[in-house]
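Since the structure comes first, as structure tokens, the remarks are kept for the end.
The values are calculated or read from the model by the stated rules, or taken from the named source; none is laboratory data. This structure is a prediction, so every number in the text was calculated from the model and none was measured. Methodologically, a virtual Cβ is constructed for each residue, glycine included, from the backbone with ideal geometry; neighbour enumeration extends over all protein chains shown. SASA here: full protein model, heavy atoms, side chains in, ligands and nucleic acids out. Shrake-Rupley method; radii C 1.70, N 1.55, O 1.52, S 1.80 Å.
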Amino acid sequence: MNKLIIDKGMFQTTRVRLSDDQLFEIAISSRDEISLVGNVYRGRVSRVVNGINAAFVDIGEAQNAYLQLGGKIKVRQGEDVIVQVIKDADGGKGAKLTQEVSLPGKYAVYLPLENVVKVSRSIESQSERERLQAMGESITLGEFGLVIRTQGKDAELEDLKLDIQRLQAAWESIRQEGLLGMGPKLIYQGYSIAEQAAEAVLSGEVDQLIVNDSGIYNEALSHLKQAGREVMSRVELFDKSSDIFDFFGIKKRIKSLSNRRIWLRSGGNIVFEKTEALTVIDVNTAKSIKGSSAEDTIFKTNMEAAEEIAMQIKLRDIGGIVLVDFIDMKSSQNKAALLGKMRACFASEHGKTKIYGFTELGIMEISRKNEKREISVHLLADCPCCRGNGKITSRIFLLDSLEKEVKRIKTHADVECAMFELNTQYYGSFSRNDFAEVREIAKAYGLRLLLASSSNVQQGGLELAGMGKRGSLVEKAKAYAAFIEIN
């Protein structure tokens, strides 16, 4: 069974997909990082760089967005263009754009500027694929393009036509808006988190949607209203006091996505090293004794590592160049089997990931496209002590953890105040704005908070040091190097 679980907190929203209760996909967005993917803008070309065949476009955001040029796509500086965001801004890089707009509907994705008809690969029946292909071509008549989605399976001609007519009306509105007025403007907004989740239920991508926020829950139900009670019954509001991810047994798995070292069942391990240009993954036998000989032990460790590496790359959404240093094997047959294993692990990504094979030094080369920021960006931050050479827990992740602890305390205990220890370096780097965000938590849950600076807590960590009466906790806090009271 496939489940989509949404955890909405005050500072970040996390979406995870489970397949047979195993973590399959994760996406995190903080409240100040709203995704623009799917939005259509009237943008103004601020600069054309012929050397890289690209243009930078002002879409009204803080950073200019990036539009790759090629083929017949030609733009001029100062020109207004209709563009769609296909990748959010990441660090110093602006959002990535395309002029090939696509609008998703219930049964199909409408491609107004193309003339191709495609059918989702998830529809396996050859006869059904041929029926849908013919149906799509009878509607488009070569004047626009369509991708018939998984939910289009068994759809009738009239259903598809009505879906396309709605999308055509949306495109006409976009086109007209692009012609009226001048300068950067948002002219079409993609689906909200609730609508995306509802569409996943509607399309059959997930069998169950579980959310801990009544707003997202009600919006998703509203989106599914016409689909009937059976479909709406697949949406559940999680109203228990426990952490939703803890309840489903995946909290530790999510936290492990920030770990540099991952241990394998056999006793071996894999180590991730991120540089500005690429990601390097090292495989070690460590304590592994699995196998009847040294070569057999190495082969089995490498094969186990291949599965874990593929899963970690997908969950962490690692993009760009990836180099994997597997344990060296003498057998060419074993090397071929390992290469085949890795390719099989990424087969479902349909060209998103390319496995190039081994270099002369025995390093496996991989390249992967990603459309989101890597998960580590949300979980980790540069260490202030070593000026970015190391990583600590990110501010948003820490605030999210604090909110969950405060919620748990308020649910299970009748106390006036709670005190938390914060690592000394992290405490010192907290800005007034961060304390303002902690104040939001205190106010939202009606609980006084004390934050104390402690060198005994791991870098970027947070630990509950006590709860009860304010007076006694304040006296206890005086023993620390520094503390602040928040209410």
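Summary of values
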item: Filter result (open to solvent by 70 Å² or more (accessible area, probe 1.4 Å) and either basic (K, R) or within 38 Å of the chain's Cα centre (by Cα) (or both)) within the range 465-487; result: M467, K469, R470, K476, K478, F483, N487
item: Members of the range 212-227 found to be of a type in the set (S, T, N, Q), at pLDDT 85 or above and assigned to a helix (DSSP H, G or I), listed by number; result: S214, N218, S222
item: Residue match in the range 453-461 (condition: in contact with an Asp or Glu (Cβ under 6 Å, 6 or more places away or on another chain), at pLDDT 85 or above and either open to solvent by 20 Å² or more (accessible area, probe 1.4 Å) or within 21 Å of A413 (Cα to Cα) (or both)); result: no
item: Residues (open to solvent by 80 Å² or more (accessible area, probe 1.4 Å), at pLDDT 70 or above and within 14 Å of K314 (Cβ to Cβ)) located in the range 351-377; result: K369
item: Selection count where residues are surrounded by 14 or more Cβ atoms within 10 Å (Cβ to Cβ), modelled with pLDDT of 90 or more and either in contact with a helix residue (DSSP H, G or I) (Cβ under 9 Å, 6 or more places away or on another chain) or among the basic types (K, R) (or both), scope the range 116-144; result: 11
item: Counted residues, the range 166-191 - those being in contact with a helix residue (DSSP H, G or I) (Cβ under 7 Å, 6 or more places away or on another chain) and either free of Cβ contacts under 8 Å to residues at least 60 places away in the same chain or on the phi > 0 side of the Ramachandran plot (or both); result: 0
item: Selection status of D282, assigned to a strand (DSSP E or B) and surrounded by fewer than 20 Cβ atoms within 10 Å (Cβ to Cβ); result: yes
item: Subset of the range 171-210 (residues that are surrounded by fewer than 17 Cβ atoms within 10 Å (Cβ to Cβ), among the hydrophobic types (A, V, I, L, M, F, W, C) and assigned to a helix (DSSP H, G or I)); result: L179
item: Test: residue in the range 419-427 that is modelled with pLDDT of 90 or more, more than 23 Å from K8 (Cα to Cα) and of a type outside the set (D, E); result: yes
item: V75 vs. criteria open to solvent by less than 30 Å² (accessible area, probe 1.4 Å), within 22 Å of K185 (Cβ to Cβ) and among the hydrophobic types (A, V, I, L, M, F, W, C); result: yes
item: Evaluation of F238 against (1) at pLDDT 90 or above; (2) open to solvent by less than 40 Å² (accessible area, probe 1.4 Å); (3) within 25 Å of S367 (Cβ to Cβ); (4) under 28 Å from the mean Cα position of the chain (by Cα) (one fails), failing number; result: (3)
item: Check on G215, more than 24 Å from the chain's Cα centre (by Cα) and either within 28 Å of L97 (Cα to Cα) or loosely packed, with under 14 Cβ neighbours inside 10 Å (or both); result: no
item: Residue ID - surrounded by the fewest Cβ atoms within 10 Å (Cβ to Cβ), chosen from residues in the range 10-55 that are part of a loop (DSSP other than H, G, I, E, B), over 15 Å from the mean Cα position of the chain (by Cα) and polar (S, T, N, Q); result: N53
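To keep it simple, each residue is scored yes or no on (1) acidic (D, E); (2) surrounded by 15 or more Cβ atoms within 10 Å (Cβ to Cβ); (3) touching a strand residue (DSSP E or B) at 6+ places or on another chain (Cβ under 7 Å); (4) under 18 Å from T359 (Cβ atoms).
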{"residue": "G249", "(1), (2), (3), (4)": "no, no, no, no"}
{"residue": "I262", "(1), (2), (3), (4)": "no, yes, yes, no"}
{"residue": "S266", "(1), (2), (3), (4)": "no, yes, no, no"}
{"residue": "E273", "(1), (2), (3), (4)": "yes, no, yes, yes"}
{"residue": "K287", "(1), (2), (3), (4)": "no, no, no, no"}
{"residue": "D296", "(1), (2), (3), (4)": "yes, no, no, no"}
{"residue": "D328", "(1), (2), (3), (4)": "yes, no, no, yes"}
{"residue": "S332", "(1), (2), (3), (4)": "no, no, no, yes"}
